[in-house]
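Working notes, beginning with the structure itself.
The values are calculated or read from the model by the stated rules, or taken from the named source; none is laboratory data. What you are looking at is a predicted structure, and each value in this text was computed from that prediction instead of being measured. Cβ atoms come from the backbone with ideal geometry, glycine included; neighbour counts cover every protein chain shown. Areas reflect the complete protein model, heavy atoms only, side chains present, ligands, DNA and RNA absent. Shrake-Rupley method; radii C 1.70, N 1.55, O 1.52, S 1.80 Å.
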Amino acid sequence: VDSGVVSVAAGDDHLLYIKEDSSLWVFGNSRHGQAATTNYTEIPVRVANRAKRIWAGEQTSFFTNSGDSLFVFGLNDWGQLGAGENVHAKEIRTPVFVAADVVELSSRGDSGAFVKKDGSLWVFGRNSWVLYSRMFSAFGYWSEEYPQLWTPLKVLDSNVANVATTFGGGLILYLDGTVDAFGANYEEELGYRCCS
């Protein structure tokens with residue numbers, strides 16, 4: 001496909017990579033803008049310069065530039081890009097700035113979370129899942145008032161090192177090496193039996 005590649009990320013049906021010159025390239029299915037074009041692209045398309053880190057969700061793409069500013073593109077029908085309700089509410093084909101000082105990110109399905117340099121944790125996207133799970137219920141934000149979070153919401157102030165999310169919850173890694181699990185636990189998917 002290319003040479004001089006230093007970083008890769010894969011969504012459900014699109015791929016991103018960064019080259020040695022810090023350029024960001026994307027190809028694959030872009031029906032919702034996740035490859036920064038329309039429909040499909042079999043040939044990689046240059047999306048940005050000065051890219052530092054990349055992540056991919058189902059139909060979403062995320063990258064930070066050399067200054068750790070987070071940019072997003074792709075499907076945003078439930079706020080899964082964190083780009084705001086009125087900013088290209090459904091499909092974003094040109095990268096949009098979302099937040100500064102982002103060092104880690106995780107996004108699956110219709111929601112995601114990121115960690116800033118100060119160790120704070122932010123969540124965004126759909127806040128309830130079809131049939132069973134409640135993504136952010138552990139933070140007290142699942143209600144009719146918060147069916148989705150169109151812009152990122154800070155849920156922890158500090159001491160977070162990383163976050164991993166999946167279709168019903170996730171893990172938070174703290175700077176001291178401890179881990180918390182959050183989200184749906186109906187089938188003990190969080191690894192303990194205390195609650196559902």
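For 77, 118, what's the largest-to-smallest order of accessible area, 1.4 Å probe?
Order by accessible area, largest first: 118, 77.
Subtract the Cα-Cα distance of residue 164 and residue 49 from 0.36 nm times their separation in residues, and report this length gain in nm to one decimal.
Going from the current span to full extension adds 38.7 nm.
How big, on average over all directions, is the shadow cast by the Cα convex hull of region 1-108, in nm²?
So the mean shadow area of the Cα hull is 5.8 nm².
Hey, any idea what % of region 1-43's accessible area is carbon plus sulfur with a 1.4 Å probe?
Looking at region 1-43 in its full context, I get 50 percent from C and S.
At 7 Å along the Cα-to-beta-carbon direction for both residue 176 and residue 68, put a label point, then send me their distance in nm to one decimal.
Computed distance between label sites residue 176 and residue 68 equals 2.3 nm.
If amide hydrogens are placed 1.01 Å from N in the peptide plane, which non-local residues have theirs closer than 5 Å to the one on residue 101?
Here the answer is 69, 70, since their amide H atoms fall under 5 Å of that of residue 101.
Looking at region 55-130, which GluC sites (Glu not before Pro) are in a loop (DSSP not H, G, I, E or B) and have at most 12 other Cβ atoms within 10 Å?
Taking region 55-130 and a limit of 12 other Cβ atoms within 10 Å, the loop GluC sites (Glu not before Pro) found are 85.
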